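Participant: Have a look at the structure that comes next, please.
The values are calculated or read from the model by the stated rules, or taken from the named source; none is laboratory data. Predicted, not measured: the structure shown is a model, and the values here were computed from it. Cβ: placed from backbone, ideal geometry, glycine included. Neighbour counts: every protein chain shown. These area figures cover heavy atoms from the full protein model, side chains too; ligands, DNA and RNA do not enter into them. Shrake-Rupley method; radii C 1.70, N 1.55, O 1.52, S 1.80 Å.
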Amino acid sequence: MASTPVQVPVRAPAQQTVEAARPVRTTGEQPLAGRRALVTGGASGIGAATVRAFAAQGAHVTVADRDGDGAAALAEEVNGDSWTVDLLGTGDLEDLSLDVDILVNNAGIQAVQPIHTFDPAAFRRIHTLMLEAPFLLIRAALPAMYDRGFGRIINLSSIHGLRASPFKAAYVSAKHGLEGLSKVTALEGGEHGVTSNCVNPGYVRTPLVENQISDQARLHGITEEDVLSTIMLTESAIKRMVEPEEVAALVCWLASDVAGMVTGSSYVMDGGWSAR
């Protein structure tokens, strides 16, 4: 998949012009028909739900994940492709060229520790996977998107891209950085027909969240049964987790033609957490 990187010339600021209305494709029940999508962390959780939703709407999807067997199985299910990749190996991404219409940066990990005992290696690993890798993938995808005048960059951020919580210094700071990267991408990509947005769910029912429960119980000195009600959902008006399929539905809309004027935004799906 690797190739010589495409050099994108520096462009002078565009003069203000009034453009004619752009036609929106109408493809019935398959609004993503003919589109090519790449979803990182696509073998499970939000990624897998997004892969299935994209395929149901007509897109050809590449499932990217370090779990090669899981990615291959899901790709076979949706008649897509798989890419076994460890995105922590960022050196291998620097010469990458991607020819896709839709890029979903979803891969993520978590570590829960107070700052004064936080493992520096774990801090760097989270930033590498959740900020540096998305930058490199966006960099690899933009030239082809610019050439065709269409692209959708969708970054799976979090309510923690907009709010902070204790013991999550690496995750919160990486997601805040991703928000900034997404906005810069929106500003640079606008004149080329490329949009860039973040999706910001609260706690989603995924293995990543479920694996935090024991850590949260230990750090807060409570039982695992109390973590959900007293830690994870205490700020939410709606007292349940977000389902992966709900997030995938929003991602699909952002990927569609009808969202062509939506860019540089952060779409909160947190059950009212940030309304406080």
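Participant: Considering only residues of the stretch 225-243 that are under 27 Å from A53 (Cβ atoms) and β-branched (V, I, T), which is surrounded by the fewest Cβ atoms within 10 Å (Cβ to Cβ)?
Facilitator: Among them, the one singled out is I238.
Participant: If I go through the stretch 51-66 residue by residue, how many of them are touching a strand residue (DSSP E or B) at 6+ places or on another chain (Cβ under 9 Å) and over 18 Å from V85 (Cα atoms)?
Facilitator: Final tally of qualifying residues: 5.
Participant: Only one of (1) open to solvent by less than 70 Å² (accessible area, probe 1.4 Å); (2) in contact (Cβ under 8 Å) with a residue 24 or more places away in the chain; (3) assigned to a loop (DSSP other than H, G, I, E, B); (4) more than 30 Å from P143 (Cβ to Cβ) is not met by I222, so which one is it?
Facilitator: In the conditions (1) open to solvent by less than 70 Å² (accessible area, probe 1.4 Å); (2) in contact (Cβ under 8 Å) with a residue 24 or more places away in the chain; (3) assigned to a loop (DSSP other than H, G, I, E, B); (4) more than 30 Å from P143 (Cβ to Cβ), I222 misses (2) alone.
Participant: Let me ask you something else. Can you spot a residue in the stretch 123-134 that is more than 18 Å from the chain's Cα centre (by Cα) and basic (K, R)?
Facilitator: yes
Participant: Restricting to the stretch 164-184, and then to whatever is open to solvent by 10 Å² or more (accessible area, probe 1.4 Å) and of a type in the set (S, T, N, Q), can you tell me which residue is nearest to the chain's Cα centre (by Cα)?
Facilitator: Out of the qualifying residues, it is S173.
Participant: Now for a different question. Tell me which residues, restricted to the stretch 233-250, are touching a strand residue (DSSP E or B) at 6+ places or on another chain (Cβ under 8 Å) and at pLDDT 90 or above.
Facilitator: The answer is V242, E243, P244, E246, V247, L250.
Participant: Further question on the same structure: Working only within the stretch 141-184, note down all residues that are in contact with a Leu (Cβ under 8 Å, 6 or more places away or on another chain) and farther than 30 Å from M241 by Cα.
Facilitator: If the condition is that a residue be in contact with a Leu (Cβ under 8 Å, 6 or more places away or on another chain) and farther than 30 Å from M241 by Cα, then A141, A144, G151 are the ones that fit.
Participant: Let me ask you something else. From (1) more than 20 Å from P143 (Cα to Cα); (2) open to solvent by 40 Å² or more (accessible area, probe 1.4 Å); (3) modelled with pLDDT of 95 or more; (4) not charged (D, E, K, R), pick out the condition that doesn't hold for G28.
Facilitator: (3)
Participant: Scan the stretch 92-105 and tell me whether some residue there is among the β-branched types (V, I, T) and either in contact with an Asp or Glu (Cβ under 6 Å, 6 or more places away or on another chain) or at positive phi (or both). Don't jump to the end; show me each part of the working.
Facilitator: Applying the first criterion (among the β-branched types (V, I, T)) to the stretch 92-105 yields 100, 102, 104.
Still in the list and also either in contact with an Asp or Glu (Cβ under 6 Å, 6 or more places away or on another chain) or at positive phi (or both): none.
Checked against the condition, which is being among the β-branched types (V, I, T) and either in contact with an Asp or Glu (Cβ under 6 Å, 6 or more places away or on another chain) or at positive phi (or both), the stretch 92-105 yields no hits at all.
Participant: In this structure, does V39 turn out to be closer than 20 Å to E245 by Cβ, buried (at least 23 other Cβ atoms within 10 Å of the Cβ) and more than 13 Å from the chain's Cα centre (by Cα)? Spell out the reasoning first.
Facilitator: Working: closer than 20 Å to E245 by Cβ: yes; buried (at least 23 other Cβ atoms within 10 Å of the Cβ): yes; more than 13 Å from the chain's Cα centre (by Cα): no.
Against the criterion (closer than 20 Å to E245 by Cβ, buried (at least 23 other Cβ atoms within 10 Å of the Cβ) and more than 13 Å from the chain's Cα centre (by Cα)), V39 does not qualify.
Participant: Mind checking which pairs have a first residue in the stretch 90-111 that is over 30 Å from L219 (Cβ atoms) and modelled with pLDDT under 95 and a second that is open to solvent by less than 30 Å² (accessible area, probe 1.4 Å) and of a type in the set (D, E, K, R), Cβ under 8 Å, 6 or more apart or different chains?
Facilitator: From residues that are over 30 Å from L219 (Cβ atoms) and modelled with pLDDT under 95, there are no pairs.
Participant: So, one more: Since M269 meets every condition but one in (1) under 30 Å from G151 (Cβ atoms); (2) free of Cβ contacts under 8 Å to residues at least 60 places away in the same chain; (3) more than 13 Å from the chain's Cα centre (by Cα), which condition does it not meet?
Facilitator: Only one criterion in (1) under 30 Å from G151 (Cβ atoms); (2) free of Cβ contacts under 8 Å to residues at least 60 places away in the same chain; (3) more than 13 Å from the chain's Cα centre (by Cα) is unmet by M269, namely (2).
Participant: In addition: Taking only the stretch 225-242 into account, find how many residues are free of Cβ contacts under 8 Å to residues at least 40 places away in the same chain, of a type outside the set (S, T, Y) and part of a loop (DSSP other than H, G, I, E, B).
Facilitator: 6
Participant: On to the next question. Checking the condition open to solvent by less than 20 Å² (accessible area, probe 1.4 Å), hydrophobic (A, V, I, L, M, F, W, C) and within 11 Å of the chain's Cα centre (by Cα), which residue from V104, V194, V100 passes?
Facilitator: Result of the check over V104, V194, V100: V104.
Participant: So which pairs qualify, if the first residue must be in the stretch 56-82 and under 24 Å from M130 (Cα atoms) and open to solvent by 20 Å² or more (accessible area, probe 1.4 Å), the second must be at pLDDT below 95 and of a type in the set (D, E, K, R), the Cβ gap must be under 8 Å, and the two must be at least 6 apart or on different chains?
Facilitator: Pairs that qualify, where the first residue is under 24 Å from M130 (Cα atoms) and open to solvent by 20 Å² or more (accessible area, probe 1.4 Å) and the partner is at pLDDT below 95 and of a type in the set (D, E, K, R): there are none.
Participant: Out of L93, L131, which single residue is of a type in the set (A, V, I, L, M), surrounded by 16 or more Cβ atoms within 10 Å (Cβ to Cβ) and closer than 28 Å to Q57 by Cβ?
Facilitator: Residue meeting the stated conditions: L93.
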